[in-house]
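As structure tokens, the structure follows; a few thoughts come after it.
The values are calculated or read from the model by the stated rules, or taken from the named source; none is laboratory data. Model, not experiment: these values are computed from the prediction. Here the Cβ positions follow ideal geometry from the backbone for every residue, glycine too, while neighbour counts run over all protein chains shown. Just the protein is used for accessible areas: all its heavy atoms, side chains included, with ligands, DNA and RNA removed. Shrake-Rupley method; radii C 1.70, N 1.55, O 1.52, S 1.80 Å.
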Amino acid sequence: MNRLLTKKQIIYTKELIYKYILAILSLTSFICLIGIIVILFKNGIPTFKFIGFFDLFLGKFWYPTYNPPDFGILPLILGSIWVTFGALLVCIPLGVGGAIYIYEIAPIWQKKILKPTIELLGSIPSVVYGLFGMIIIAPLLQNIFKNIPTGLCALSASLILGIMAIPTVCSISEDAFSSVPKNMIEASFALGANRWQTLIKIILPAAGSGISTAIILGINRAIGETMTVLMVAGGATIIPTSFLQPVRTMTATIAAEMGEAVYGSEHYHVLFTIGLVLFAFTFIFNIIAEIITKKYKIKLGQGI
Amino acid sequence: MKRFILSILVGLLSINFIFAFEEITVSGSTTVLPIAQAASEDYMNTKKDISISVRGGGSGVGITSLIDGRCDIANSSRKIKDKEILQANQNGIKPKEYIIAMDGIAVIVNQTNPIKNLTKEQLKSIFTGKTSNWAEVGGKNQKIVVVSRDSASGTFEAFNTLVLDEEKVREDALLDASNKGVATIIEKTPSAIGYIGIAYLSKNTKAVDIDSITCSKQNVLNNSYPLSRNLYMYTIENPKTSVKDFINFILSQKGQKIVTETGYIAIK
């Protein structure tokens, strides 16, 4: 009897140890996030000691290493927004359209080929996309629009980023379609609606918030991408007025300049502030996505 | 069991003694990187007990890590800044400078561009945006596409002091973060102009003469080519003997041969 108890105790202690090990593992990522946020704020906030809020965010010139330096990040923020907006125009029709086809129309053998292929698109390293854009897309654009001086512009970056965001948008939209309750679809058919009517009137509205989540995560993918835009977008720090102009994004600026910025200098701190702005962008988008997902679950009767 | 673990431990320790490496860490400018890399490989072949790890990161990173004591040798394609010397002094370090090689900056244009020569003034006015058409400097009637390096890189800094006299590059200049990247853009863009280190010249890029002086190694060495600069290595004032020895190796005849082989210009 006594021995049985000790065995039970051993099992209990073992479970306790496993529990704590797993807790530490999951806490690690939390601690990493907190660490990153603290470092971002610690290095990004000192910027405002030497430059005013509006001079920074509304300044039109970015000459960080000149004397006196110009730290206007408006061209960089607008560059990121333009390129991301362009990428959305590419990845929404292709991603959501692709998801509709895979979910509703494609026969099973096509589904089996299409799904993994689209997911494979997401596993290609971004440098490879960058090279592709630099060597194929940019010269191609230059041949199409004869009067532009260079093919390295917002349009080529948008095209590539749009393609890169397709896997995210497509697979999350497809999940959204799949989680539309079967009984709703069957009810629609029972009422005499055909496949097209069911798709437009039932499935799309029911999966609407899931698709919005997919698009928002696509935005995050595009706005955070660094290597590709550094190689393809051209990198001119001007306020963009056309998609055929070279632009520079926030990510590309950090990547290109952080390595050479003097540690602790004003330039160094401003680069961290740009990181902070980027973080704010993705953080807000993530929260919006989270809220939409919750609402959508409740709407379909799956939530609390 | 205990004996087994013990014997493994003893084994590991003795391995450690056999390969008692002395470590030298080199970090900094990507321009100097090929020299440091080739030299360290050669050096380690002759001295088995020394291990040299060479990292890039850029001139600023190299000097910062020297100041923080994270590396023994800092590579730099620019002279150390007063600000950085001040920071080093605060950490109780006096950086010591060695000129290990020279580098020429080549101004390159697309193969199809008929331009052969530019004056330093023309170059400056192109890069600052006062000249924006190739016809103004004797070329085709074509808009000039200016390609520059990221304004924090050592190559840009050299170009900035040698050509621009600290004037601002036109704001719509394209940017690339590497010599290879600039060369690729120039190759693909008919009306573009850019600048790269001489080592990165290939048969696909066309270098123009500056003030009628050809961009060649001899002209850099005899100081006639206007766009040339020194390449540096920095150490602390009294580094360990292995570090001193490695620097002496680079400055020796054999080391300078490596400098030539990597595409830069030997100083001796």
With every protein chain in place, what's the accessible area of A:Phe50 (1.4 Å probe, Å², nearest 10)? 70 Å²
Roll a 1.4 Å probe over the protein chains and send me the accessible area per residue for region A:1-146 in Å². 67 Å²
Tell me the Rg and the Dmax, in Å, that the Cα atoms of region B:176-218 produce. 10.6, 30
Whole-percent tail of the Cα-Cα distance distribution for region B:129-170, cut at 17 Å, equals 40 percent
The farthest towards the positive end of the charge dipole of the protein assembly as shown, of the residues A:Thr213, B:Pro226, A:Ile108, given +1 on Cβ of Lys and Arg and -1 on Cβ of Asp and Glu, is A:Ile108
So which residue, out of A:Ala233, A:Ala255, A:Ala289, gets the largest mean-square fluctuation from a GNM of chain A using Cα contacts under 10 Å as springs? A:Ala255
Summing +1 for each Lys or Arg and -1 for each Asp or Glu, what net charge is found among the other residues whose Cβ lies under 14 Å from the Cβ of A:Val90? 0
The local net charge around A:Lys60, scoring Lys/Arg +1 and Asp/Glu -1 for residues other than A:Lys60 whose Cβ lies under 9 Å from its Cβ, equals -2
For region A:2-55, the Kirkwood Rh over every pair of distinct alpha carbons, in Å, works out to 15.1 Å
In debye, nearest 20, what is the charge dipole magnitude of region A:157-304 about its Cα centre with +1 on Lys and Arg Cβ and -1 on Asp and Glu Cβ, if you could check? 740 debye
What is the gain in length, in nm to one decimal, between B:Ile267 and B:Ser252 on full extension, counting 0.36 nm per residue of separation less the C-alpha to C-alpha distance? 4.4 nm
If every alpha-carbon in the protein assembly as shown counts as one equal scatterer, what log10 I(q)/I(0) does Debye give at q = 0.05, 0.06, 0.10 1/Å? -0.30, -0.42, -0.99
Could you please tell me the mean projected area of the C-alpha convex hull for region B:120-255, averaged over all directions and given in square nanometres to one decimal? 10.2 nm²
GNM on chain B, C-alpha springs below 10 Å: top fluctuator among B:Asn179, B:Asn141, B:Asn248? B:Asn141
Inter-chain shielding metric for A:229-237, i.e. average beta-carbon neighbours from other chains within 10 angstrom, reads 6
Rounded to the nearest 10 Å², the accessible area of A:Trp82 using a 1.4 Å probe with every protein chain kept is 60 Å²
Restricting to aspartates and glutamates and to Cα separations under 13 Å from A:Lys111, and discarding same-chain partners fewer than 8 apart, the set is A:Glu119, A:Glu174
Please sort by residue number the chymotrypsin sites (Phe, Trp or Tyr not before Pro) in region A:7-39 whose DSSP state is loop and whose Cβ has at most 10 other Cβ atoms within 10 Å. none
Computed log₁₀ I(q)/I(0) - Debye formula, equal Cα scatterers, no solvent, chain B, q 0.08, 0.14 Å⁻¹: -0.39, -0.96
Accessible surface of the protein assembly as shown [probe 1.4 Å, protein heavy atoms]: carbon and sulfur percent: 64 percent
Can you tell me which of A:Ile77, A:Ile136, A:Ile239 moves the most in a GNM of chain A? Springs connect C-alpha atoms under 10 Å apart. A:Ile136
Could you order the peptides A:202-208, A:245-251, A:98-104 from most to least packed, using the average number of other C-beta atoms within 10 Å per residue? A:245-251, A:98-104, A:202-208
Go ahead and estimate [θ] at 222 nm for chain B from helices alone: -39,500 (n - 2.57) per DSSP H run with n ≥ 4, summed, over the residue count, rounded to 500. -11000 deg cm²/dmol
Taking the solvent-accessible surface of protein heavy atoms with a 1.4 Å probe, what is the per residue accessible area of region B:91-244 in Å²? 39 Å²
How big is the dipole moment of chain A about its Cα centre under a simple scheme where the beta carbon of each Lys and Arg is +1, that of each Asp and Glu is -1, and everything else is neutral? Debye, nearest 20, please. 1240 debye
Largest-first principal axis extents of the Cα set of region A:103-242 (Å): 59, 32, 28
Area buried, chain B against chain A - accessible surface, total, 1.4 angstrom probe, square angstrom: 2700 Å²
Using only protein heavy atoms and a 1.4 Å probe, report how much of A:Arg221 is accessible, in Å² to the nearest 10. 80 Å²
Whole-number value, in Å³ per residue, for the convex hull of the alpha carbons of chain A is 231 Å³
Could you compute the net charge surrounding B:Lys96? Neighbours are other residues with a C-beta less than 14 Å from the C-beta of B:Lys96; K and R count +1, D and E count -1. 0
With charges set only on the Cβ (+1 for Lys and Arg, -1 for Asp and Glu), what does the dipole of region B:64-151 come to about its Cα centre, in debye to the nearest 20? 260 debye
Rounded to whole Å, √(5λ) for the Cα gyration tensor eigenvalues of region B:29-165, largest first, gives 38, 19, 11
Hull-based mean projected area of region A:61-171, where the convex hull spans the alpha carbons, in square nanometres: 9.1 nm²
Gain in span if fully extended, A:Ile136 to A:Ile105, counting 0.36 nm per residue against the direct Cα distance: 7.9 nm
Among B:Ile105, B:Ile213, B:Phe21, whose Cα projects farthest towards the positive end of the dipole of chain B, with charges put on the beta-carbon of Lys, Arg (+1) and Asp, Glu (-1)? B:Phe21
Restricting things to Cα coordinates, could you compute the convex hull volume per residue of region A:205-276 in Å³? 121 Å³
